[in-house]
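Take a look at the structure below.
The values are calculated or read from the model by the stated rules, or taken from the named source; none is laboratory data. As the structure is a prediction and not an experimental result, all values here were calculated from the model. With ideal geometry, Cβ positions are generated from the backbone for all residues, glycine too; neighbour counts draw on all protein chains shown. The area values use the complete protein model at the heavy-atom level, side chains included, leaving out ligands, DNA and RNA. Shrake-Rupley method; radii C 1.70, N 1.55, O 1.52, S 1.80 Å.
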Amino acid sequence: MGLSREIARFAVGTPAAGIPASARDVMALSMLDWLAVAMAGQEEPVSRIVRNRIRSEGGTPESSVLGETEHYPARAAALANGVASHALDYDDTHFDYIGHPSTVIVSAALAVAERIDSPGRDFLDAALIGAECACRIGAWLGRNHYQQGFHQTATSGCFGAALACARLLGLRSEQAEQAIGIASTRSAGLKSQFGTMGKPYNAGVAASSGVECALLAADGFTSARNALECDQGFAASHAGEFRDTRTVLGGLGKIYRFESVQHKFHACCHGIHASLEALSELLTRNDLSPGQIEAVSVAVNPRWLKVCDLKAPGTGLEAKFSYRLAVAIAVLGRDTAAPGSFSDEACRSPELIEMRDRVRVFPDEALADTAAEVEIRTRAGNVHGWHHDLARLPGLPVRTERVRAKAASLVGDGAARRLWDLVRSLPETRIREFVQHAGVADRPAAVLPAAAR
């Protein structure tokens, strides 16, 4: 059986009773994370530009858009919400494919779920299944696809979004396979856009394309059904590794790789996070102040040097992709969890620039892409080092408390508590009721707390 066929059967044929509760719990946590970062990101310039575009075009009122009181076609809603939830680059990441699953897949699934007013449980299951498909397809495409410049959030995410929507729409496995084929010719996104508005736009386009591919398949649209894996297909033309299908699909339907998703606790590229965690340990354990630090060395897997090693960023968007500036921000005691710390002003700060220029970044092929080693040399000549690997995930209770705290910092404590209560009640709620109470459709930016604007 081909990859597309097996993935399609899993996406639309997996019974709800067979989905483990632990995977649903992680998806619920990612839903809270998605809501918080999307609400906080809705007034970023890129979000406003995209909302203005869809507002000017109008269309059938089907689905809600953050920051708008009107409804829009599901494709347009997925585009706008996908952009908003990735505008701060603060959404969850999965290292199976170095991609951000929820920004694309939740945005697409929510738009279609509201269009048909699906039960909340069905929406959560579809989002989980879509995210799992993105992880599996992304792992099959392999690191070479990413290293050659393709933005896996958008490429693998488009397939996951299409399959999440296919499940919500009740497509047969043959139709879901057609949706994969259509997505194969629609999936796109380049890493060269990192540090610009093009990066969140990649995520929004992938969400919108996923909606479109599923709706077209539901209407009988046909395509090359094995266009993902065939000769001159998506993988062959996009530097896919064609990793062993049996290994990548091992445990499909029983083991949910999405459960190892990483939630961000620093408002920058996830490739920098292991370094910041190691740095935090060093500063705390050795009680070091900025004035004591002579130099900082950061060792990371070489693949990150093409992603987040901008030496002298000039804008807030670029700052999120600079090891040197992120380390300087942390050393000087500024909050790396606050999106405002990565700003145009930070790039121009003489104090930060002086510290930034004392940071050196080195490749180390022995390090996993989830790990980093940081070394601090003090003015007194002492050297302190620490290793951190993000793959060593804490238990779900600890992760939950950290995500809840992050949500509170973005939208306010009261709003975060209310959103978490709503997410936990989703299985017993229709999706339109959830959207209304969550404030997705009637929560313009003016009512957000100042910390979120």
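Each row is one residue, and each column tells you yes or no for (1) buried (at least 20 other Cβ atoms within 10 Å of the Cβ); (2) among the hydrophobic types (A, V, I, L, M, F, W, C).
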site	(1), (2)
Pro397	no, no
Ala408	no, yes
Asp421	no, no
Arg424	no, no
Pro427	no, no
Val440	yes, yes
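Search segment 377-392 for residues that are under 19 Å from Met355 (Cβ atoms) and pair each with any residue that is exposed (fewer than 13 other Cβ atoms within 10 Å of the Cβ) when their beta-carbon atoms are under 9 Å apart and the residues are at least 6 apart or on different chains.
Qualifying pairs under 9 Å: Arg377/Val383; Arg379/Gly291; His384/Arg285; Trp386/Arg285.
Look through Leu216, Leu228 and report the one residue that is surrounded by fewer than 21 Cβ atoms within 10 Å (Cβ to Cβ) and farther than 26 Å from Val26 by Cα.
Leu216 is the lone residue from the list that is surrounded by fewer than 21 Cβ atoms within 10 Å (Cβ to Cβ) and farther than 26 Å from Val26 by Cα.
For Thr69, work out the one condition from (1) modelled with pLDDT under 95; (2) within 24 Å of Gly170 (Cβ to Cβ); (3) polar (S, T, N, Q) it doesn't fulfil.
(2)
Of the residues that sit in segment 349-365 and are acidic (Asp, Glu) and more than 12 Å from Ala312 (Cα to Cα), which one is least open to solvent (accessible area, probe 1.4 Å)? Reasoning before the result, please.
If we filter segment 349-365 for residues that are acidic (Asp, Glu), which is where we start, we get 351, 354, 357, 364-365.
Checking which are more than 12 Å from Ala312 (Cα to Cα) leaves us with 351, 364-365.
Details: Glu351: 104, Asp364: 48, Glu365: 159 Å².
Checked segment 349-365; the qualifying residue least open to solvent (accessible area, probe 1.4 Å) is Asp364.
Note down all Cβ pairs under 6 Å where the first residue falls in segment 294-322 and is over 16 Å from Leu276 (Cα atoms), the second is open to solvent by 20 Å² or more (accessible area, probe 1.4 Å) and among the aliphatic types (A, V, I, L, M), and they're at least six residues apart or on different chains.
Here the result reads Glu318/Leu310, each pair linking segment 294-322 to a residue that is open to solvent by 20 Å² or more (accessible area, probe 1.4 Å) and among the aliphatic types (A, V, I, L, M).
Taking into account only those residues within segment 154-206 that are farther than 17 Å from Lys320 by Cβ and hydroxyl-bearing (Ser, Thr, Tyr), which is surrounded by the fewest Cβ atoms within 10 Å (Cβ to Cβ)?
So, considering only residues that are farther than 17 Å from Lys320 by Cβ and hydroxyl-bearing (Ser, Thr, Tyr), the one surrounded by the fewest Cβ atoms within 10 Å (Cβ to Cβ) is Thr185.
Kindly indicate whether Arg9 is part of a helix (DSSP H, G or I), open to solvent by 10 Å² or more (accessible area, probe 1.4 Å), in contact with a Leu (Cβ under 9 Å, 6 or more places away or on another chain) and among the basic types (Lys, Arg).
Working: part of a helix (DSSP H, G or I): yes; open to solvent by 10 Å² or more (accessible area, probe 1.4 Å): yes; in contact with a Leu (Cβ under 9 Å, 6 or more places away or on another chain): no; among the basic types (Lys, Arg): yes.
When the stated conditions are applied, Arg9 does not pass them.
Can you tell which of Phe234, Phe258, Phe242 is surrounded by fewer than 22 Cβ atoms within 10 Å (Cβ to Cβ), aromatic (Phe, Trp, Tyr) and closer than 23 Å to Arg9 by Cα?
That would be Phe242, the only listed residue that is surrounded by fewer than 22 Cβ atoms within 10 Å (Cβ to Cβ), aromatic (Phe, Trp, Tyr) and closer than 23 Å to Arg9 by Cα.
If the requirement is being in contact (Cβ under 8 Å) with a residue 12 or more places away in the chain, hydrophobic (A, V, I, L, M, F, W, C), surrounded by fewer than 24 Cβ atoms within 10 Å (Cβ to Cβ) and under 30 Å from Gly340 (Cα atoms), which of these qualifies: Ile116, Ile49?
Numbers: Ile116 fails: under 30 Å from Gly340 (Cα atoms).
Checking each option against the conditions leaves just Ile49.
Report those helices (runs of 4 or more DSSP H) wholly inside segment 273-336 carrying at least 1 residues which are within 20 Å of His384 (Cα to Cα) and open to solvent by 10 Å² or more (accessible area, probe 1.4 Å).
So the answer is 273-285, 323-331.
Give me the residue from segment 23-45 that is farther than 19 Å from Ala164 by Cα and in a helix (DSSP H, G or I) and, out of that set, farthest from the chain's Cα centre (by Cα).
The extreme case among them is Pro45.
Collect the residues in segment 80-96 that are out of contact with any Ser or Thr (no Cβ under 6 Å at 6 or more places or on another chain) and charged (D, E, K, R), keeping them in residue-number order.
Asp89, Asp96
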